[in-house]
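Every read-out reported here was derived from the displayed coordinates using simple, explicitly stated rules and does not represent laboratory data. Everything quoted here is computed from the prediction, not taken from an experiment. Cβ sites come from the backbone with ideal geometry, for glycine too, and all protein chains shown count toward neighbours.
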Amino acid sequence: MQNVGRKIYYDKLTGNVLVDTGEMSGDVRETTIEEDFAVYTVLSGRNPSTVGCLRIPYGQDRDKFARYAYHVDPATEKIVWDLTPPQQEEEQRKQTLEQIVAQLERENVDLMLALTQVYEELLALQSGGTP
C-alpha cells in the first residue's frame, strides 16, 4: 500500500488555490505535473509558468486541511491558513440554510394554493360550470 501526499496548484500571482489533489492511499501512484495539467480542466487552460505547485507530505496538516480555508502566499510559497473559528462559519451557514428553508416553505405554500385553484377551476369546467 502506498501513501501519496497532496499537491496544491495555485496561481503564482494571487496565491489562489486552483487544485488540491488531496491525499491518496492504497493501490495508487503519484501523478506527474504534466499528467495533472492534462487531467484537471482548471489547469489545462493555463500557462504552466503562471501556476505554482506545493507538494505536501502524506498526513501533514490533515486536520487543518479538513477544518480551514487557505491560500498560498506567492512571495513565500507557504500556505496561509484562514483560522476563522469554524463555529462562526457554521453558524453563518446554519442561518443561511434556515433562511433558504423558510423561503422554500413559503414558495411551497404559494404553489399548493395555485395548484388547488387550478384544480378547482378544472373541476368546475368538467362539471359544466364556470370557473
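For the range 43-83, which positions are in contact with a Leu (Cβ under 8 Å, 6 or more places away or on another chain) and of a type in the set (K, R)? Answer for the range 43-83, where residues must be in contact with a Leu (Cβ under 8 Å, 6 or more places away or on another chain) and of a type in the set (K, R): just R46. When the range 5-53 is limited to residues that are under 21 Å from the mean Cα position of the chain (by Cα) and acidic (D, E), the one that is nearest to D73 (Cα to Cα) turns out to be D11.
Residues in the range 18-61 that are hydroxyl-bearing (S, T, Y) and touching a strand residue (DSSP E or B) at 6+ places or on another chain (Cβ under 6 Å): T21, S25, Y40, Y58.
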